[in-house]
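Notes follow the structure.
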Amino acid sequence: LTSDTKTINNLKCQKAEVEYAGRQWIAWFTDEINVSDGPYIFKGLPGLIVQISDKDENYVFKLSKINKNTNTSLFIANAGKEISWDDFRKIQLDYYNDPFTYIKSQNIKAVTDDGMGGLKKIDFREMTLSHREKMRENDNQVEKDRIIKYPK
């Protein structure tokens with residue numbers, strides 16, 4: 001916690017700093033709202049986190065609105081499945097290796113615009129290489145220690 005203060009959305013906020021997973025984070029929280037919570041995994045300050053960003057501003061979380069909630073839980077677990085980091089990494093690597101597995105396995109006729117108003121068959125090899133390049137360039141996980149090193 002620091003002694004720095006500023007007003008955000010008419011709330012008097014105090015600054016806090018933390019290093020988490022390879023990034024330096026700057027948080028602004030208010031004790032005017034007695035909720036020790038914030039976005040993502042960030043919580044535990046003596047008030048609501050109104051804004052938090054990493055020093056490079058790759059990630060910026062800002063409180064946009066407060067609604068009165070009548071539900072007993074903020075989370076609805078009707079769908080989805082919790083997985084481990086290792087499972088997530090495997091899913092990502094499988095997708096990286098062949099992002100069009102589903103389309104090919106279903107024998108779906110895949111076409112794209114040919115640029116002249118017609119259609120052309122998709123070149124899966126070319127699209128896979130393009131997809132892989134984008135995944136390598138844009139892998140910027142919140143937790144730097146969990147960035148997946150995709151092979152070239």
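Some points to look at:
- For the chain, the longest principal axis of the C-alpha atoms and the axis of helix 85-97 are separated by about 30°.
- Calculated on the Cα set of region 7-152, radius of gyration then Dmax: 21.4, 60 Å.
- Using C-alpha pairs under 8 Å with a sequence gap of at least 6, the mean separation divided by the residue count of the chain gives a relative contact order of 15 percent.
- Here's how it looks for Ile8: its modeled amide H is under 5 Å from those of Cys13, which are all 5 or more places away or on a different chain.
- Positive-end residue of Phe124, Phe88, Met135, charge dipole of region 79-152 with Cβ unit charges: Phe124
- Value of relative contact order over region 75-152, rounded to a whole percent, pairs C-alpha under 8 Å and six or more apart: 25 percent
- Within the accessible area of region 19-152 (1.4 Å probe), percent carbon and sulfur: 49 percent
- Averaged over its residues, region 94-152 has an accessible area of 79 Å² per residue, based on protein heavy atoms and a 1.4 Å probe.
- A dipole drawn for region 1-141 from +1 and -1 charges on Cβ atoms has a positive end, and of Cys13, Val60, Ile33 the residue lying farthest that way is Ile33.
- In summary, the lysines within cross-link reach of Lys15, defined as a Cα separation below 30 angstrom excluding same-chain residues under 8 places away, comprise Lys6, Lys43, Lys55, Lys62, Lys65, Lys68, Lys144.
- In the chain, the longest principal axis of the Cα atoms and the axis of helix 124-137 are about 20 degrees apart.
- Using Cβ point charges alone (K and R +1, D and E -1), the dipole size of region 1-106 about the Cα centre works out to roughly 340 debye.
- Convex hull projection area averaged over all views, region 1-46, Cα basis, nm²: 3.3 nm²
- Taking 17 Å as the cut-off, the amide N atoms of region 98-113 that come nearer than this to a point 7 Å along the Cα-to-beta-carbon line of Leu119 belong to 103-104, 106-113.
The values are calculated or read from the model by the stated rules, or taken from the named source; none is laboratory data. Quick caveat, the model's predicted, so the values are computed rather than measured. Because the Cβ atoms are built from the backbone with ideal geometry, glycine has one as well, and the counts that use them run over all protein chains shown. Keep in mind that these areas ignore ligands, DNA and RNA; they rest on the heavy atoms of the full protein, side chains included. Shrake-Rupley method; radii C 1.70, N 1.55, O 1.52, S 1.80 Å.
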